[in-house]
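Reviewing the structure listed below.
The values are calculated or read from the model by the stated rules, or taken from the named source; none is laboratory data. Computed from a prediction, not measured in an experiment: that's the story for all the values here. Positions of Cβ are generated from backbone atoms using ideal geometry, with glycine treated the same way; all protein chains shown enter the neighbour counts.
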Protein chains: 2
Amino acid sequence: MASKSVLTPQAEDFPRWYQDVVAKAEMADNGPVRGTMVIRPYGYAIWERMQAEMDARIKEAGAQNAYFPLFIPESYFHREAEHVEGFSPELAVVTHAGGAQLAEPIVVRPTSETVIGEFMAKWIQSYRDLPLLLNQWSNVVRWELRPRLFLRSSEFLWQEGHTAHATYDDAAAYAKRIHLEVYNDFLVNVLAAPTYLGIKPPSERFAGAINTMTAEGIMRDGKALQMATSHELGQNFARAFDVYYQSEAGQAELCFTTSWGASTRLVGGLIMLHGDDNGLVVPPRLAPIQVVVLAVRDEPDVNEACEKVATALKAAGVRVAVDHGRGSFGRRITDWEIKGVPLRVEVGPRDLAEGRVTIVRRDDAQKSAVALDAVAAIAPGLLESVQAAMFESARRRLEESTHDVTTIHEALDVAQTGFARLAWSAVGDEGEALLRTEAVTVRCLLRPDGSIPVSDTEAGLHCIVAKSY
Amino acid sequence: MASKSVLTPQAEDFPRWYQDVVAKAEMADNGPVRGTMVIRPYGYAIWERMQAEMDARIKEAGAQNAYFPLFIPESYFHREAEHVEGFSPELAVVTHAGGAQLAEPIVVRPTSETVIGEFMAKWIQSYRDLPLLLNQWSNVVRWELRPRLFLRSSEFLWQEGHTAHATYDDAAAYAKRIHLEVYNDFLVNVLAAPTYLGIKPPSERFAGAINTMTAEGIMRDGKALQMATSHELGQNFARAFDVYYQSEAGQAELCFTTSWGASTRLVGGLIMLHGDDNGLVVPPRLAPIQVVVLAVRDEPDVNEACEKVATALKAAGVRVAVDHGRGSFGRRITDWEIKGVPLRVEVGPRDLAEGRVTIVRRDDAQKSAVALDAVAAIAPGLLESVQAAMFESARRRLEESTHDVTTIHEALDVAQTGFARLAWSAVGDEGEALLRTEAVTVRCLLRPDGSIPVSDTEAGLHCIVAKSY
C-alpha cells in the first residue's frame, strides 16, 4: 500500500507511529505553550461523538450537567491533605489579573472536587436533597513535563462527575453504576474496547479517594491505558468542605461523595487500541464519518452517482462524506485509510456502467462488489459487522497478551510486552517497588471471576501488572 | 400570586429582581473567585439548549468545531496593536506552573484570534484550503471589576468562530451569513428575541476589527443588550500572524479573516427580555422543560394520571417534567413559574373524576380545561402559540420603546428609559462623547429600511442610542 511510506510502521517505532497518525490523520497539533494541544476538526469530531455517547449515558444514570469555575482559590487545595499533596506539583497558578497582583493566588483547576465540595455544602440541607448527582464537561490543567498529544497534555478536556450521598453504600453503588453503565457500556459498545475492570491498589488511588475503580485497556504495543476512573471519596472531601445533611431523625450527618472522569485521553486510546500500519481504525458506532463515498475519477456521471449513494445512505441514518475525484485516487484512498473511516464505497466509470460499486472495509480490507442501489440497504448491517469484528479482535488481543504467572519476577518479564496476571498477595509493597524500578505498575485488582472487588483487602484477589501510558 | 412576595418587583428595583430570579430559579451562584460563576443545572440546561440550536446552525453554515488551547503566550497579544490595547486591562496571567516560575508569562485566553491566527498560518497553503471555517466552544476569561452573573463574569462560556478567506468580499459575505443565518435565526426563531441588526460605530468595534455587526435586544427596563457580534477583521490578524495563501496565479496573498461569538450572556438576555414579576419566562423552543405535569395532591391515581400524560407528551416529542404532589400546591406552582416553564398541566382528583386537566400558559396565565387524553395532541400546537406570542410581545415592546428623534439631547432624554433612533450624521464624535457622560452609547448603525450597512461611511444611516448592559 502507498500508505506504508506515509506512516512509520508500528513494529519499527510505536511512539513515532502514534505521532505520525496524530499528524497525518489531522487529529491534533502541539500548542504554543508547552504541553497544550490544538484539537483539529477531525480529532474534535471524534471527541464530540465520545461526548454525545457518554453524556446520554450520564443523563440516563440521573446526573445533571452544571458548570463550576476554572479558577479555584489556592487555599481550597490545602483543606484535604492527600489531595494537595497529590496535585501540588501539577498546578498552574494565576498571580496577576486585571492589571494587578492578586491578594491570593488562584489555581487553574486540575479537577474540581474542592470547589464543588464548597457548593454541595451550600445546596444540601436535608436527606431530601440527596443524592445530589452532578456532572461537568470542561477543560482542566495539570502541568506535564513529558507531554504527549491526547495521552498527557497540560490542558485536556474531560467530564468530571461529582455526587453526594447519605450513606457509604449508596455512594459505592452509584460509583459502580457509573463505572459499569456509563464507562464500560461506552467502552464495549461504542469504542469496541475490552478492558480489565478492577480497583486500583492503594498506592495508585486518586489523591483523596478511599477506592478507585478503573478500566484498563491494552494498546497495540502491549502497554496498558487507563480509560476511565470512578472514585469513592468516602467522607474525606465532605469533611474538608462541611458537606452535611439533616437526616430524617433530625441529626446533622456527613455526606459520602464520589467523583468519576473520562477525558480526551480516550482519543489516544482509540488510536493505539485499533490503529494499524495504515492509520486509524475508528469503530463504526463512534465514527463521525462512517462511510466515505469516493469518486474514482472526477466525471459528472460518477459524481452524480456518488451523491445519489450518499443521499440514500444519509436517509438510512448513516454518517457520510463524499470525496469527488480530484487528485490521485491512490492518494485519496491512503488519506481516508489514515483517518480510519470504517467503510469506503468506490464509484468508478467502469463499475457504474455495470450498475455496481465496490465496498471496502477498513478493518480487514475485504472488498465486495455491490449493486449501486443496494448500498444503503447493506451499509448499516455491514457497519455493525465491522463494529462486532473490531471488538472481537481487540478482545482476542487482550486475552492473548495476558499471561498468568505466579511470581513478581515472571510478572516483570511478561510486562515487557503484555499483561501479567497473578495473585495480589504475591505482590506486596516490596513487589510494587520492584516493578516500579522497571516502570511497571499494578494496573488493577480484580476477582478471579473478573468482577470488581469492593476493597483491596478481599481475599483471593488477582492483579494485572503492565507498563502503561 | 404567592410569588409576588418571593421576587422583588421589576418596577421597584430591576437589578434586584434580576438577582432574585437568578437565585430563585436556581440558575447560577457567584463563584469563590471574584467575578466567576457557578452555573447550576437548570441554568446549564438552558445553555445546553442554546448550544445545541446554535451549533446546528453553525455546522449548517459549513464551519467545523475544533479546540485551541486555554493558554496563550503573552507575546502573541503584542502582535496586533489594537488587540493588545483593547484586552490588556482584562487579562489573567499565569506566572507559575509545575512548581516553578515560567520564563514567559502565559495569558488565559480572553478570545482566541491570536492563537488561531498562528495555526491558520500553518494549515493554509493554497487557495484550495480556503475558506477555512472553524468554530470553538470554550471558556474565556476577562477580568471584571463589576461582575454580574451571566451578564459580566470574569469567566464565561461561549462559541467563537474564526474563518479565513481569499478575498475581502468572501470574508464580509460569510460574516454576514453567520450574523443572519446563525445568530439572527436563533434569536428570532428560538429565543423569541427581536433585535436591531446593524454595525457598531468605529468607537465600539472589537479590538482589531475593521467592522463589527451586532444584534441589540431590548430588556424589560429599556436598556440594550448586545446578544451576539460578528467581526470582519480585514487583514489585521492575517498580517500579524502571517496567514498567507498561494493564489491560483501562484502569488503569495494575505488572507482576510472573520470572528464571531455568542456567550452565556444570552442567558442573562433571556431573563431580562422575557422575565416578569413571577420570574423567568422561557420560550418553548428553547425550554429544557416545555411542560411540567403537576399533581395537585400526592395520591396514587393522580400520580398515575400524571405519568400517563407525561408519557404521551414525551411520545409527541415534548420535553416534560413531572411534579408529584409533595409539599404545598401553591408553593410548587410558584417554583415552576419562577423557572418559566411554558406550560403547566395541573392534574387534581376532582378534574380527574371528570377526565379533565387544566393547562396554564406561563406567558399570559391563560387557563383551559382539556380532556386528559387530548393533552398530548394539544400541547405541541399550544407551545408554538406561546412561542409566537412571546416573539410578538417582545417585538411590540421593542417598537414601542424606540422613539425617533432629531437631536443628541432628545436622544439622551429618550435613552433614560428606551431606545432613541436618529440620523447617524447628527451624532459625531462630540455627540458620542456627550452620550457617554450619561453612560449612553450608540448601540448600532443601520439603514433606514432596517438592513445592515456595509460600512459606517454609507450615506443616510440611522443609529440606535441607548443605555446598555
query: Can you find a residue in the range A:288-302 that is closer than 20 Å to A:MET390 by Cβ and among the charged types (D, E, K, R)?
result: no
field: Residue satisfying all of: in the range A:132-172; among the hydroxyl-bearing types (Ser, Thr, Tyr) and in contact with a Phe, Trp or Tyr (Cβ under 8 Å, 6 or more places away or on another chain); nearest to A:VAL94 (Cα to Cα) among these
entry: A:SER154
field: Yes/no for B:ILE271 being out of contact with any Cys (no Cβ under 9 Å at 6 or more places or on another chain) and closer than 30 Å to B:SER401 by Cα
entry: yes
- request: Quick one: which residue in B:ARG16, B:ARG34, B:ARG49 is within 12 Å of another protein chain (Cβ to nearest Cβ) and more than 17 Å from the chain's Cα centre (by Cα)?
  value: B:ARG34
- prompt: Is there any pair with a first residue in the range A:262-278 that is in a loop (DSSP other than H, G, I, E, B) and a second that is among the aromatic types (Phe, Trp, Tyr) and modelled with pLDDT of 95 or more whose Cβ atoms are under 9 Å apart and which are 6 or more apart or on different chains, and what are they?
  reply: A:THR264/A:TRP47; A:THR264/A:PHE150; A:THR264/A:PHE156; A:THR264/A:TRP158; A:THR264/B:TYR67; A:GLY275/A:TRP17; A:GLY275/A:TYR18; A:ASP277/A:TRP17
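May I ask you to list the residues in the range A:59-71 that are within 7 Å of chain B (Cβ to nearest Cβ) and of a type outside the set (S, T, N, Q)?
Of the range A:59-71, the ones within 7 Å of chain B (Cβ to nearest Cβ) are A:64-71.
A:ALA66, A:TYR67, A:PHE68, A:PRO69, A:LEU70, A:PHE71 - these are the residues of the range A:59-71 that are within 7 Å of chain B (Cβ to nearest Cβ) and of a type outside the set (S, T, N, Q).
Is it the case that the range B:112-128 has a residue that's among the acidic types (Asp, Glu), closer than 25 Å to A:LEU91 by Cα and out of contact with any Leu (no Cβ under 9 Å at 6 or more places or on another chain)? Steps first, answer last, please.
Our first condition is that a residue be among the acidic types (Asp, Glu); within the range B:112-128, this holds for B:113, B:118.
Then keep just the ones that are closer than 25 Å to A:LEU91 by Cα; that gives none.
The answer is no; no qualifying residue exists.
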message: Here's a check for you: in the range A:457-469, which residue that is among the hydrophobic types (A, V, I, L, M, F, W, C) and assigned to a loop (DSSP other than H, G, I, E, B) is surrounded by the most Cβ atoms within 10 Å (Cβ to Cβ)?
response: A:LEU461
task: Take the range B:318-333 and flag every residue that is under 16 Å from B:ALA287 (Cα atoms) and out of contact with any helix residue (DSSP H, G or I) (no Cβ under 7 Å at 6 or more places or on another chain).
output: B:ARG319, B:ALA321
field: Any hit, the range A:57-73, residues being under 18 Å from A:TYR174 (Cβ atoms) and either of a type in the set (Lys, Arg) or without any contact (Cβ under 8 Å) to a residue 60 or more places away in the chain (or both)
entry: yes
message: Can you go through B:ASP429, B:ASP449, B:ASP404, B:ASP413 and tell me which one is modelled with pLDDT under 95, among the acidic types (Asp, Glu) and either more than 26 Å from the chain's Cα centre (by Cα) or farther than 18 Å from B:ALA192 by Cβ (or both)?
response: B:ASP429
- prompt: Applying the selection to the range B:64-79, what residues are under 22 Å from B:ILE210 (Cα atoms) and either of a type in the set (D, E, K, R) or surrounded by 19 or more Cβ atoms within 10 Å (Cβ to Cβ) (or both)?
  reply: B:TYR76, B:PHE77, B:ARG79
Of all residues making up the range B:129-173, the number that are within 9 Å of chain A (Cβ to nearest Cβ) and surrounded by fewer than 21 Cβ atoms within 10 Å (Cβ to Cβ): 4
field: Every residue from the range B:214-235 that is surrounded by fewer than 22 Cβ atoms within 10 Å (Cβ to Cβ) and more than 20 Å from the chain's Cα centre (by Cα)
entry: B:GLY234, B:GLN235
field: Selection count where residues are free of Cβ contacts under 8 Å to residues at least 24 places away in the same chain and over 11 Å from B:ILE106 (Cβ atoms), scope the range A:30-47
entry: 4
Odd one out for A:GLU82 among (1) facing chain B (nearest Cβ under 7 Å); (2) surrounded by fewer than 21 Cβ atoms within 10 Å (Cβ to Cβ); (3) in contact (Cβ under 8 Å) with a residue 60 or more places away in the chain; (4) not small (Gly, Ala, Ser): (1)
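Would you mind stating whether A:GLU26 is at pLDDT 95 or above, within 24 Å of A:SER328 (Cα to Cα) and within 14 Å of another protein chain (Cβ to nearest Cβ)? Talk me through it step by step, then tell me what you get.
Numbers: at pLDDT 95 or above: yes; within 24 Å of A:SER328 (Cα to Cα): yes; within 14 Å of another protein chain (Cβ to nearest Cβ): yes.
The answer is yes for A:GLU26.
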Index of the failed condition, B:LYS314 passing every other in (1) surrounded by fewer than 16 Cβ atoms within 10 Å (Cβ to Cβ); (2) more than 24 Å from A:ALA66 (Cα to Cα); (3) not assigned by TED's automatic domain parsing to the domain that holds B:GLN10: (2)
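Could you grab me the full set of residues in the range B:143-202 that are assigned to a strand (DSSP E or B) and aliphatic (A, V, I, L, M)? Walk me through it before giving the result.
Of the range B:143-202, the ones assigned to a strand (DSSP E or B) are B:148, B:152, B:155-165, B:195-199.
Within the range B:143-202, B:LEU157, B:ALA164, B:LEU197, B:ILE199 meet the criteria.
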